[in-house]
1. Compute the long axis of helix 40-50 from its Cα atoms, compare it with the longest principal axis of the Cα atoms of the chain, and write down the angle in degrees, 0 to 90, nearest 10.
2. Please report, in whole Å, how far the alpha carbons of the chain spread along each principal axis, starting with the longest.
3. Please give the helix 76-85 orientation as an angle from the longest Cα principal axis of the chain, in degrees from 0 to 90, rounded to the nearest 10.
4. Order the peptides 25-32, 50-57 from the highest to the lowest mean number of other Cβ atoms within 10 Å of their residues.
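Nothing in this text is a laboratory measurement; each read-out follows from the coordinates by a stated rule. From a predicted model like this one, the values you see are computed outputs, not experimental measurements. So basically every Cβ, Gly included, is an ideal-geometry build from the backbone, and we count neighbours across all protein chains shown.
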Amino acid sequence: MSLLTTPVDIAHIDVMDSRPLIYCQCCRSYEHACQSGATPKMWQQAATYVGWRHVRSEHFDLDVVCPECVAEFHQPVKHRELRKAV
Ligand SMILES: [Zn+2]
């Protein structure tokens, strides 16, 4: 399986309570900016910096994936177990 990872598109940064939010489409965890002054652009850059990615393969296309899930995708056996549990 070939895996293509690219930075998360800014269109997938949400804003809640005037603070930017990023949401993992794989494990459904999310990160909310602590400062109300943070812009979606800043949050997108911060998320990219810590490892959030858009992950694509022949079989799926996840627009937003957290660093933990990106790591799981690179460990196929462990990831299969995770999917079975869901
Ligand atoms: Zn995740």
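1. 40 degrees
2. Over the chain, Cα extents along the principal axes are 41, 24, 17 Å.
3. That works out to roughly 80 degrees.
4. The peptides rank, most packed first, as 50-57, 25-32.
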